[in-house]
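J.: Got a structure here, written out as structure tokens. Questions coming.
No lab work stands behind these numbers, since they all come straight from the coordinates. Bear in mind the structure is a predicted one, so any value in this text is a computation, not a measurement. Glycine also receives a Cβ, built like all others from the backbone with ideal geometry; neighbour counts cover every protein chain displayed.
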Amino acid sequence: MENGELSHPVKVDKQSRLYELLQEEEFKVNSFHHQALHSVGENLRVVARATDGIIECVESTKHHFVFGFQWHPEEFAVDGDEASKRVFEAYIQAALKQKE
């Protein structure tokens, strides 16, 4: 997927695990969705928003590797986006660690 028409900028909370993974405060995500979160449940916190305020990512305040993404990082990872690749590498490492 190209980071063109169907993408928009997202800002990440620098005090989040997502920022630790991405090491980027702002990047582009794809825009295939037509629904969005209005609020988040218990033990979740908003860690990324689009410039229009739409919630783009939440993470657990209770568990180390629990994220909810509004976008599809796999689309960007396939195209070589380094931030998205880091998300998947961290996911694989977390799964392997859990398996031990």
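J.: Quick one: grab Rg to one decimal and Dmax as a whole number for segment 20-77, Cα atoms only, in Å.
T.: Gyration radius and largest Cα-Cα distance of segment 20-77: 11.5, 30 Å.
J.: Suppose every Lys and Arg Cβ carries +1 and every Asp and Glu Cβ carries -1, with no other charges. What dipole size does the chain come out with about its Cα centre, to the nearest 20 debye?
T.: Charge dipole, the chain, about its Cα centre: 480 debye, nearest 20.
J.: Sticking to Cα atoms, compute the Rg of the chain to one decimal and its Dmax as the biggest Cα-Cα distance, whole number, in Å.
T.: 13.3, 42
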